[in-house]
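Notes to accompany the following structure.
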Amino acid sequence: MCYAVITKYLALMYQNLLISVENGIAIVTFNREKSLNALNSTTILELKDFFSEAAYAIEGLKGVVLTGAGEKAFVAGADITEFSDIDAEKGAIFAKRGQDIFFLIERFPRPVVAAVNGFALGGGCELAMACHLRIAGEKARFGQPEVNLGIIPGYGGTQRLVQYIGKTKALELLMTAEIIGAEEAFRLGLVNYVVPAGEEVAKAKELIEKIATKAPVAIAKVIESVNAYFKEDADGFAFEVTAFGATCATEDFKEGAAAFVEKRKANFNGK
Ligand code: COA
């Protein structure tokens, strides 16, 4: 199926996600501009569908870019208007569901890049952190302001923020609800690049194109192995040994090694 047909098909599937596939890269745009692209339950279920089913059906997919509609927000958090009748039990279900969906992103075998074009607050910051790489536009703003509402992050924010920027600054941001700009996010190690406003998606695509020149199984194994570092029940080093072995059995390893010896560019087939 050609990418234009896939794009048309996906447009029919989702209400709050705009999806286009260009040259093997899926651009997923959170499309609730009036609510600053807040994640309501429909959006989160559409995200689940995309990362558990639809994305795997896109032949030759190089990677996925997530971004927000409009110039103001990437995603301004979970939709606060849906919080009215939540209690302890519903809250825990809400958080678990969101975490499981964000794991689908973190464990996706192709690179997922957040192109953060504005506010990435609460669930929006957590969403960006579930992606493999983050590009911040100059207008990007990051924060976990949940304590302002009397709650804590529930989509992995207390865990991934520590992983990325360390306990010292993570605790400060989580407890003060301070919102930081793109340069500060870069300085803290939260984002990979800061680019001029409007160039976030282009930079994300550039990175995905670069990664697409490498062996796909190796990329998937890098993602799995790095994730294993953060899994309590996994020995990351042991995982890496097995994953390394698996890459040695690929056709792409033979091709990569042969290409090096023959002083030519490798032509990987993903097997
Ligand atoms: N859920 C639902 N609606 C939201 C939202 C959210 N997380 N964030 C923003 N919106 C809505 C606003 O209610 C407003 O709707 P309205 O026009 O119908 O009144 C619209 O988006 C625009 O937001 P507004 O607050 O007017 O813009 P602003 O420029 O003054 O402020 C923010 C921008 C991002 C600082 C502010 O909207 C905000 O603090 N949002 C909540 C962030 C948050 O706490 N996220 C974590 C949730 S767990």
Once you sort the root eigenvalues of the Cα gyration tensor of the stretch 184-248 as a ≥ b ≥ c, which label holds: rounded (a/c under 1.5), prolate (a/b larger than b/c) or oblate (the other case)?
-> oblate
Separation between the Ser52 and Asn227 pseudo-spin-labels, each 7 Å from Cα along Cα→Cβ, expressed in nm?
-> 1.4
Can you give me the relative contact order of the chain as a percent, contacts being Cα pairs under 8 Å and 6 or more apart?
-> 14
Surpassing 18 Å at the alpha-carbon level, of the pairs Lys221/Lys271; Lys62/Lys263; Lys48/Lys221; Lys48/Lys96, are Lys62/Lys263; Lys48/Lys221
Enumerate by residue number the GluC sites (Glu not before Pro) in the stretch 1-61 meeting two conditions: DSSP loop (anything except H, G, I, E, B), and at most 15 other Cβ atoms within 10 Å of the site's Cβ.
-> Glu53, Glu59
Relative to the longest principal axis of the C-alpha atoms of the chain, give the angle of the C-alpha long axis of helix 236-248, reported between 0 and 90° and rounded to the nearest 10°.
-> 40
If you take the square roots of the eigenvalues of the alpha-carbon gyration tensor of the chain and sort them as a ≥ b ≥ c, do you get rounded (a/c under 1.5), prolate (a/b over b/c) or oblate?
-> prolate
To the nearest 10 degrees, the tilt of helix 3-13 (Cα long axis) against the first principal axis of the alpha carbons of the chain is 30
Unit charges on C-beta of K, R, D, E only; dipole of the stretch 24-83, Debye | 160
Determine the distance separating the Cα centre of the stretch 133-190 from the Cα centre of the stretch 2-34; give it in Å without decimals.
-> 28
What is the set of long-range amide H partners of Gly154 at a cut-off below 5 Å, with H atoms built 1.01 Å from backbone N?
-> none
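Laboratory data are not the source of any read-out in this text; all were calculated from the coordinates shown. Owing to the predicted nature of the structure, the values given are computational and were not obtained by experimental measurement. Methodologically, a virtual Cβ is constructed for each residue, glycine included, from the backbone with ideal geometry; neighbour enumeration extends over all protein chains shown.
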